[in-house]
Amino acid sequence: MKGRRQNKLGDFATGVGWALRSAAKEAQKIARMHNTPLYYWENGKVVARKPWLTKSARAKAGRCETRRRARPADILSLTFRGGVSMPVLHQMQVSGNCYKVRLAARQLGVELTLKDYGLLDGTTRQATFLSKNPNGRVPLLELEDGRTLAESDAILWYLSEDTFLLPDDRWSRAEVLQWMFFEQYSHEPYIAVARFWLAFAPKEELEKRRHLVPEWHAKGNAALGVMQNHLARRDWFAGGRYSIADIALYGYTHCAADGGFDLAPYPAVGTWLKRVASEPGHVPLDVAW
Ligand SMILES: N[C@@H](CCC(=O)N[C@@H](CS)C(=O)NCC(=O)O)C(=O)O
């Protein structure tokens, strides 16, 4: 009896050891791909290892580290990839808001379990879903402990905290927020909404709203103009590097044509779209998981 129990424990420990080793390998690959420090736990403490950096780069990074906190997304990555737990993303595949979260998670190496909802079947307005998000919308991230987080840009922020997708310094972080608020107030309500009604909604429902299309186009084009102006002089939206601000804006800009928008008058936006799409780990909207 005693022997059998020991065997079971032995098997369990071997399994955990294997899962953690392969998780660590995977996380190391991702960290190397993005040239970002990777954090491990050691005796309950989070420590950094970056054997692939040169001596001077290591010294420089070492100085930065003293001011840095642990990297939750790397820890999430190790934990989830170790098979210990995996958050659920309640989502719709065609939604740009949900795509933003999938894209960031992919690039961070965070594994998600997807739970899909129909775009037109009203299931996010039923009691079961409303108990998780009273606002009745996806994306919704559900952690294994039952906590839920709504709003695509809040989820992006949560996943990217202390990772290469969110700059460290105060000013750049405020810039990230500036562009994410812009996306939610001046961009998504016109570009995403035009796409939904023109490309996905039943025709008779679109006809009831046809008079709104010129306003969606005028305001969506105004947002694209602001982006063009910014990108004519810079490669990225915030902090001089690729970040969740770019992911937030990419979500619906790259498929704006579905909503009847012509991107030709915005060449810098077109170049930026290509730049975003060539980032390591990029996945297109139609790729599930
Ligand atoms: N501001 C929200 C918008 C979320 C949203 O509008 N979600 C749509 C899909 S893109 C949805 O759930 N629609 C279903 C419904 O409203 O019933 C975000 O960024 O997450």
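The values are calculated or read from the model by the stated rules, or taken from the named source; none is laboratory data. Keep in mind that what you see is a predicted model, and the values were worked out from it rather than measured. All Cβ positions, even for glycine, are placed from backbone atoms using ideal geometry, and neighbour counts span all protein chains on display.
Odds and ends about this structure:
- Residue check, Leu89 more than 9 Å from the ligand (Cβ to nearest atom) and crowded, with 20+ Cβ neighbours inside 10 Å: yes
- Which listed residue, of Val193, Val213, is closer than 22 Å to Gly122 by Cβ, out of contact with any strand residue (DSSP E or B) (no Cβ under 9 Å at 6 or more places or on another chain), aliphatic (A, V, I, L, M) and surrounded by 14 or more Cβ atoms within 10 Å (Cβ to Cβ): Val193
Okay, residues lined up against (1) touching a Ser or Thr at 6+ places or on another chain (Cβ under 6 Å); (2) within 14 Å of the ligand (Cβ to nearest atom); (3) in the same structural domain as Gly239 (by TED's automatic domain parsing); (4) of a type in the set (Val, Ile, Thr):
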site	(1), (2), (3), (4)
Thr113	no, no, no, yes
Leu120	no, yes, no, no
Thr124	no, yes, no, yes
Glu144	yes, no, no, no
Arg147	no, no, no, no
Glu151	no, yes, no, no
Met180	no, yes, yes, no
Phe196	no, yes, yes, no
Ala199	no, yes, yes, no
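- Cβ-Cβ distances below 9 Å connect the following pairs, each with a first residue in the range 267-289 that is free of Cβ contacts under 8 Å to residues at least 60 places away in the same chain and of a type in the set (S, T, N, Q), a second residue that is surrounded by 12 or more Cβ atoms within 10 Å (Cβ to Cβ) and not in a loop (DSSP other than H, G, I, E, B), and a separation of six or more residues or different chains: Thr271/Leu231.
- In the range 224-235, the count of residues that are of a type in the set (Gly, Ala, Ser), touching a residue at least 24 places away in the same chain (Cβ under 8 Å), assigned to a helix (DSSP H, G or I) and farther than 21 Å from Met92 by Cβ is one or more.
- Here the range 236-248 is the region considered, the condition is being outside any loop (DSSP other than H, G, I, E, B) and in contact with a Lys or Arg (Cβ under 9 Å, 6 or more places away or on another chain), and the residue that is surrounded by the most Cβ atoms within 10 Å (Cβ to Cβ) is Ile244.
- Hits in the range 250-289 - residues which are in a loop (DSSP other than H, G, I, E, B) and of a type in the set (Ser, Thr, Tyr): Tyr266, Ser278
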